[in-house]
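A.B. asks: So that we are looking at the same thing, I have put the structure below in structure tokens.
Every number in this text was worked out from the coordinates using simple rules, so none of it is lab data. As the structure is a computational prediction, the values presented were derived from the model and not from experiment. Neighbour counts are summed over all protein chains in view; Cβ atoms, including those assigned to glycine, are modelled from backbone coordinates with ideal geometry.
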Amino acid sequence: MSLNLPKEFVFGGATAAYQVEGSTKVDGKGQVCWDVLLEKDGRFSPDPASDFYNRYAEDLQLSHEFGVDAIRISIAWSRIFPDGTGEINPKGVEFYHHLIDECLKQGVEPYVTLHHFDTPLPLHTSGDWLSRKTIDAFEKYAEFCFAEYGNKVKKWITINEPGSTAQAAYIMGSFPPSIKYDIPKAIQAMHNQMVAHARVVNLFKEKGYNGEIGVVHILESYYPADDAVENVSAANRGNVLLNQFMLDALYKGYYDNDTLLVINDILDKNDGVLDISSEDLNALAKAAKYNDFLGLNYYQSHFVKPFEGETFIHHNGTGDKGTAVFRLNGVLEKTYNSAIPRTDWDWVIYPKGLYDMLLYIKNRYENYKAIYVTENGLGYKDEVIDGKVEDQPRIDYVAQHLAAIQKAIEVGINVKGYFIWSLQDMFSWTNGYNKRYGLFYVDFETQERIPKASASWWKELSEVTKKL
Ligand code: BGP
């Protein structure tokens, strides 16, 4: 497959603070929602993860060497404000100065996310994104970061994946606070995060901070399991609930009628009411014109049919292929087609879904400006054999998704870059350490890094693209 991406296309690598840094109990860091859940479950520890807190210089050196032009890092809110609000922790502030300085030194541009799943514990306990207190606190924390790091950071991301946290926290129960099957809470959490995003974007623009700002959404395509009319409408429900609802908030600044039709129907069936204030709508409307870019995370698509009955979800967090079940009363059921490949964690590999999603965004949201694919990659049980990691399936996966992006660029969609998930192997929230995604293998015992075959392939592609 020959790739022919634009010369200025950004080849990035993605990380998230809680998944790479480790050192969760040092230098004054406050607790986060995940600390409590992981300790209670006793399945995995977030320490030392990839020990990025101490080894970031090595990872950035490797990034430089292997043609990684940019890195997604996130700031752990609880390193800066251990309680989420109030007192500032100078050691946390200093750590991110050092990390950002090292990125700049290695010529690896930092794209900095302010919230990547790790709400400080006191704010989580008082309701997390369901509480307006979290929105107020997030605004203050964001402003602190803009003022502190704004002369070095030019790309800001407010929140990572409002939809997946809401879904995992309140529907699947796999993220803290582990609530199951409460769809109205999930919808409220999505709305509140979009309001938080909007308020921070408005602040960023109105106070004249330099640089660009956006949000990262996971956007997966929903297809009918077959052409039956009821399956088409189930696919529409999935798309509206998990994509369109938040994209309307982002780019239209209000929820359109076709969106509300589906959302209200789902709320009715689940005895839910959405709390939307006029201040929320004002913030959304104002921010809609300010978003500089959309970060799009894409891993898989879904083939669905309607489901009416007892909700049941089994999250495959073990890599035992064929164990995932997703049946949501009044919304949909996910089906699997043996002709379409999927990973050991039952993630359906479908690059066309990325192209279709990009096209849908361009057609529905004409004011979108620019898109970066901010996460895409293959979770795989990599093995070291004779000191090498031959991860051809990952190379194939990434090449196919880059080809889908290239096709989108050819039809005029402004996709400016691609961040592989992930830069190095790291801790996976609900899967632990055997689901590896990195360009660089991490031996979690010794913390040794081994560039995989995909890293060499990536280097060549990144270098050739720049010479075109
Ligand atoms: C995205 C998250 C990442 C990462 C990735 C892979 O939704 O933004 O933080 O974890 O998914 O997911 P997983 O680790 O569950 O395989």
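A.B. asks: Regarding S126, is this residue surrounded by fewer than 17 Cβ atoms within 10 Å (Cβ to Cβ) and out of contact with any Leu (no Cβ under 9 Å at 6 or more places or on another chain)? Reasoning before the result, please.
C.D. replies: Values: surrounded by fewer than 17 Cβ atoms within 10 Å (Cβ to Cβ): yes; out of contact with any Leu (no Cβ under 9 Å at 6 or more places or on another chain): yes.
Yes.
A.B. asks: Then there is this: Scan the stretch 256-273 for residues that are out of contact with any Gly (no Cβ under 8 Å at 6 or more places or on another chain) and not in a helix (DSSP H, G or I) and jot them down.
C.D. replies: Those that are out of contact with any Gly (no Cβ under 8 Å at 6 or more places or on another chain) and not in a helix (DSSP H, G or I): D256, D271, G272, V273.
A.B. asks: Same structure, new question: Find the strands (runs of 3 or more DSSP E) located wholly in the stretch 274-361 whose residues include 3 or more that are more than 16 Å from the ligand (Cβ to nearest atom) and surrounded by 14 or more Cβ atoms within 10 Å (Cβ to Cβ), and list them. Break it down into steps so the answer makes sense when it comes.
C.D. replies: Details: elements: 293-297, 302-305, 312-314, 325-328, 332-335.
Here the list reads 302-305, 332-335.
A.B. asks: In addition: Is there a residue in the stretch 335-344 that is of a type in the set (F, W, Y) and either in contact with a Leu (Cβ under 6 Å, 6 or more places away or on another chain) or within 29 Å of E109 (Cα to Cα) (or both)? Show your work before the answer.
C.D. replies: First, pick out the residues of the stretch 335-344 that are of a type in the set (F, W, Y): 336.
Checking the rest, the ones that are also either in contact with a Leu (Cβ under 6 Å, 6 or more places away or on another chain) or within 29 Å of E109 (Cα to Cα) (or both) come to none.
Checking the stretch 335-344: not a single residue is of a type in the set (F, W, Y) and either in contact with a Leu (Cβ under 6 Å, 6 or more places away or on another chain) or within 29 Å of E109 (Cα to Cα) (or both).
A.B. asks: Just one of (1) assigned to a loop (DSSP other than H, G, I, E, B); (2) β-branched (V, I, T); (3) within 15 Å of the ligand (Cβ to nearest atom) trips up T374, so point out which.
C.D. replies: (1)
A.B. asks: Still on this structure: Could you say whether any residue in the stretch 401-408 is touching a helix residue (DSSP H, G or I) at 6+ places or on another chain (Cβ under 8 Å), in a helix (DSSP H, G or I) and within 16 Å of the ligand (Cβ to nearest atom)?
C.D. replies: The answer is yes, given that some residue of the stretch 401-408 is touching a helix residue (DSSP H, G or I) at 6+ places or on another chain (Cβ under 8 Å), in a helix (DSSP H, G or I) and within 16 Å of the ligand (Cβ to nearest atom).
A.B. asks: If you go through the stretch 9-60, how many residues are free of Cβ contacts under 8 Å to residues at least 24 places away in the same chain and at negative phi? It would help to see each step written out before you state the result.
C.D. replies: Residues of the stretch 9-60 free of Cβ contacts under 8 Å to residues at least 24 places away in the same chain: 24-25, 38-42, 45.
So of that shortlist, the ones also at negative phi come out as 24-25, 38-41, 45.
Number satisfying all stated conditions: 7.
A.B. asks: So which of G377, G387 ends up being surrounded by 15 or more Cβ atoms within 10 Å (Cβ to Cβ), touching a residue at least 60 places away in the same chain (Cβ under 8 Å) and not aromatic (F, W, Y)?
C.D. replies: On the way: G387 fails: surrounded by 15 or more Cβ atoms within 10 Å (Cβ to Cβ).
Going through G377, G387 in turn, the sole match is G377.
A.B. asks: Could you identify the single residue in D271, D227, D248 that is at positive phi and either acidic (D, E) or in contact with an Asp or Glu (Cβ under 9 Å, 6 or more places away or on another chain) (or both)?
C.D. replies: Working: D227 fails: at positive phi; D248 fails: at positive phi.
Just one listed residue meets the conditions, D271.
A.B. asks: Take the residues of the stretch 418-461 that are among the polar types (S, T, N, Q) and within 10 Å of the ligand (Cβ to nearest atom): which is farthest from V216 (Cα to Cα)?
C.D. replies: First pass over the stretch 418-461, keeping only residues among the polar types (S, T, N, Q): 422, 424, 428, 430-431, 434, 446-447, 454, 456.
Remaining after also requiring within 10 Å of the ligand (Cβ to nearest atom): 422, 428, 430-431.
On the way: S422: 15, S428: 18, T430: 20, N431: 22 Å.
Here the answer is N431.
A.B. asks: If you don't mind, another one. Any residue at all in the stretch 189-200 that's touching a residue at least 24 places away in the same chain (Cβ under 8 Å), of a type in the set (D, E, K, R), surrounded by 21 or more Cβ atoms within 10 Å (Cβ to Cβ) and under 27 Å from Y255 (Cβ atoms)?
C.D. replies: Restricting attention to the stretch 189-200, the residues satisfying the condition of being touching a residue at least 24 places away in the same chain (Cβ under 8 Å) are 189-200.
The next check asks that each one be of a type in the set (D, E, K, R); those that pass are 199.
Add one more test, that the residue is surrounded by 21 or more Cβ atoms within 10 Å (Cβ to Cβ), and what stays is 199.
This time we only want the ones that are under 27 Å from Y255 (Cβ atoms), so: 199.
Within the stretch 189-200 (the criterion being touching a residue at least 24 places away in the same chain (Cβ under 8 Å), of a type in the set (D, E, K, R), surrounded by 21 or more Cβ atoms within 10 Å (Cβ to Cβ) and under 27 Å from Y255 (Cβ atoms)), the answer is yes, since at least one residue qualifies.
Conditions (1) among the β-branched types (V, I, T); (2) in contact with a strand residue (DSSP E or B) (Cβ under 7 Å, 6 or more places away or on another chain), marked per residue:
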site	(1), (2)
Y290	no, no
L296	no, yes
V304	yes, yes
H314	no, yes
G319	no, no
V325	yes, yes
G330	no, no
E333	no, yes
D346	no, no
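A.B. asks: Hey, another quick one. With respect to the numbered conditions (1) of a type in the set (A, V, I, L, M, F, W, C); (2) farther than 25 Å from Y372 by Cβ; (3) within 16 Å of the ligand (Cβ to nearest atom), which one is the sole condition not fulfilled by V112?
C.D. replies: Of (1) of a type in the set (A, V, I, L, M, F, W, C); (2) farther than 25 Å from Y372 by Cβ; (3) within 16 Å of the ligand (Cβ to nearest atom), only one is false for V112: (2).
A.B. asks: In addition: If you check K91 against the conditions, is it in a helix (DSSP H, G or I), more than 16 Å from the ligand (Cβ to nearest atom) and among the charged types (D, E, K, R)?
C.D. replies: Numbers: in a helix (DSSP H, G or I): yes; more than 16 Å from the ligand (Cβ to nearest atom): yes; among the charged types (D, E, K, R): yes.
Considered against the rule, which asks whether it is in a helix (DSSP H, G or I), more than 16 Å from the ligand (Cβ to nearest atom) and among the charged types (D, E, K, R), K91 comes out as yes.
A.B. asks: Still on this structure, please answer the following. Residue check: is H197 more than 20 Å from W34 (Cα to Cα) and within 16 Å of the ligand (Cβ to nearest atom)?
C.D. replies: Values: more than 20 Å from W34 (Cα to Cα): yes; within 16 Å of the ligand (Cβ to nearest atom): yes.
In short, yes.
A.B. asks: Could I ask something else about it? Go through (1) free of Cβ contacts under 8 Å to residues at least 12 places away in the same chain; (2) buried (at least 17 other Cβ atoms within 10 Å of the Cβ); (3) of a type in the set (D, E) one by one and return the number of the condition D118 breaks.
C.D. replies: Of everything listed in (1) free of Cβ contacts under 8 Å to residues at least 12 places away in the same chain; (2) buried (at least 17 other Cβ atoms within 10 Å of the Cβ); (3) of a type in the set (D, E), D118 misses just condition (1).
A.B. asks: While we're looking at this one, here's another question. Out of (1) of a type outside the set (S, T, Y); (2) over 18 Å from the mean Cα position of the chain (by Cα); (3) under 22 Å from D356 (Cα atoms), the odd one out for M246 is which?
C.D. replies: (2)
A.B. asks: Given the condition within 16 Å of the ligand (Cβ to nearest atom) and out of contact with any His (no Cβ under 7 Å at 6 or more places or on another chain), answer yes or no: does some residue in the stretch 126-144 qualify?
C.D. replies: Taking the stretch 126-144 and keeping what is within 16 Å of the ligand (Cβ to nearest atom), we get 129.
Checking the rest, the ones that are also out of contact with any His (no Cβ under 7 Å at 6 or more places or on another chain) come to 129.
Yes, the stretch 126-144 contains a residue that is within 16 Å of the ligand (Cβ to nearest atom) and out of contact with any His (no Cβ under 7 Å at 6 or more places or on another chain).
A.B. asks: Keeping to the stretch 377-400, report how many residues are more than 16 Å from the ligand (Cβ to nearest atom) and not β-branched (V, I, T). Break it down stepwise before answering.
C.D. replies: Going through the stretch 377-400, the residues more than 16 Å from the ligand (Cβ to nearest atom) turn out to be 383-390, 392, 395-396, 399-400.
Applying the additional criterion that residues be not β-branched (V, I, T) yields 383, 386-388, 390, 392, 396, 399-400.
Qualifying residue count for the region: 9.
A.B. asks: Go over the candidates D292, D280, D268, D227 one by one and state the one that is touching a residue at least 24 places away in the same chain (Cβ under 8 Å), more than 22 Å from K362 (Cβ to Cβ) and among the acidic types (D, E).
C.D. replies: Details: D292 fails: more than 22 Å from K362 (Cβ to Cβ); D268 fails: touching a residue at least 24 places away in the same chain (Cβ under 8 Å); D227 fails: touching a residue at least 24 places away in the same chain (Cβ under 8 Å).
Only one candidate passes the filter, namely D280.
A.B. asks: Could you list all residues from the stretch 74-89 that are touching a helix residue (DSSP H, G or I) at 6+ places or on another chain (Cβ under 7 Å) and not β-branched (V, I, T)? Step through it out loud before you land on a result.
C.D. replies: We begin by selecting, within the stretch 74-89, every residue touching a helix residue (DSSP H, G or I) at 6+ places or on another chain (Cβ under 7 Å); these are 74-77, 79-81, 83-85, 88-89.
Residues satisfying the conditions are S74, A76, W77, R79, F81, D83, G84, N89.
A.B. asks: Conditions first: (1) closer than 28 Å to Y397 by Cα; (2) away from the ligand (no atom under 14 Å from the Cβ); (3) buried (at least 22 other Cβ atoms within 10 Å of the Cβ). E21 passes all but one, so which condition is the exception?
C.D. replies: All conditions are met except number (2).
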